[in-house]
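Okay, structure first, notes after.
The values are calculated or read from the model by the stated rules, or taken from the named source; none is laboratory data. Since the structure is predicted, the reported quantities are computational estimates derived from the model, not experimental observations. Quick reminder, even Gly has a Cβ in these numbers, built from the backbone with ideal geometry, and neighbours come from all protein chains shown.
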Amino acid sequence: MLKGGGTQTTGRRKRAIARAYLRAGTGNIVVNGLSYGDYLGRETSKMVVMQPLQLLEKADKFDIVVNVKGGGKSGQAGAIRLAIARALSTSDTSTRSALKAEGFLTRDSREVERKKYGLRKARRRSQFSKR
């Protein structure tokens, strides 16, 4: 819990790390100093960020400030969603089961596989030719 009665949580996805600060308010979401729509850009990313709030119908009850770094915009959106879902479940424990059932509290552990020597990419080989 923060001094002002809010909650701070962390979310990760791929290489992105998001810290979310949740306080009672009017529904403003600020990501790295910009509104979340301006920062993320794509409609799918905006939808991903709003999913936990829409599930609980609390989109206009909280102000959320997010600091996010690393990764791309899609990974950052996933990290923000996890951080917001964790903050919501921490602030009101009765919402945990609904968030868990939708999979919003599960950290997506998939990472990019490293490139191996002798190959073009992680698994892509050069084309085989008999001659």
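One table, with the values for the structure above:
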{"read-out": "Checking Gln54 against (1) surrounded by 15 or more Cβ atoms within 10 Å (Cβ to Cβ); (2) within 24 Å of Ala98 (Cα to Cα), the condition it does not meet", "value": "(1)"}
{"read-out": "Test for Ile29: is it touching a residue at least 60 places away in the same chain (Cβ under 8 Å) and not acidic (Asp, Glu)", "value": "no"}
{"read-out": "Close pairs (7 angstrom Cβ cut-off, 6 or more residues apart or separate chains): in contact (Cβ under 8 Å) with a residue 40 or more places away in the chain and more than 19 Å from Gly27 (Cβ to Cβ) in region 81-93, crowded, with 23+ Cβ neighbours inside 10 Å and among the basic types (Lys, Arg) anywhere", "value": "Leu82/Arg13"}
{"read-out": "Matching helices (runs of 4 or more DSSP H) fully within region 1-112 where at least 1 residues are within 30 Å of Arg124 (Cβ to Cβ)", "value": "43-56, 73-91"}
{"read-out": "Subset of region 11-49 that is surrounded by fewer than 14 Cβ atoms within 10 Å (Cβ to Cβ) and β-branched (Val, Ile, Thr) - its residue that is nearest to the chain's Cα centre (by Cα)", "value": "Thr44"}
{"read-out": "Among the residues listed as Ser91, Ser74, the single one being within 11 Å of the chain's Cα centre (by Cα) and on the phi < 0 side of the Ramachandran plot", "value": "Ser74"}
{"read-out": "Some residue of region 51-65 being under 15 Å from Gly6 (Cα atoms) and of a type in the set (Gly, Ala, Ser)", "value": "no"}
{"read-out": "Test result for Ala85, touching a Phe, Trp or Tyr at 6+ places or on another chain (Cβ under 9 Å), within 23 Å of Ser109 (Cα to Cα) and at pLDDT 90 or above", "value": "yes"}
{"read-out": "Number of the condition not met by Thr95 [criteria: (1) at pLDDT 95 or above; (2) within 29 Å of Leu34 (Cα to Cα)]", "value": "(1)"}
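Okay, residues lined up against (1) surrounded by 10 or more Cβ atoms within 10 Å (Cβ to Cβ); (2) under 28 Å from Leu40 (Cβ atoms):
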site: Val66; (1), (2): yes, yes
site: Gly75; (1), (2): yes, yes
site: Gly78; (1), (2): yes, yes
site: Thr90; (1), (2): yes, yes
site: Leu105; (1), (2): yes, yes
site: Arg110; (1), (2): no, yes
site: Tyr117; (1), (2): no, no
site: Arg125; (1), (2): yes, no
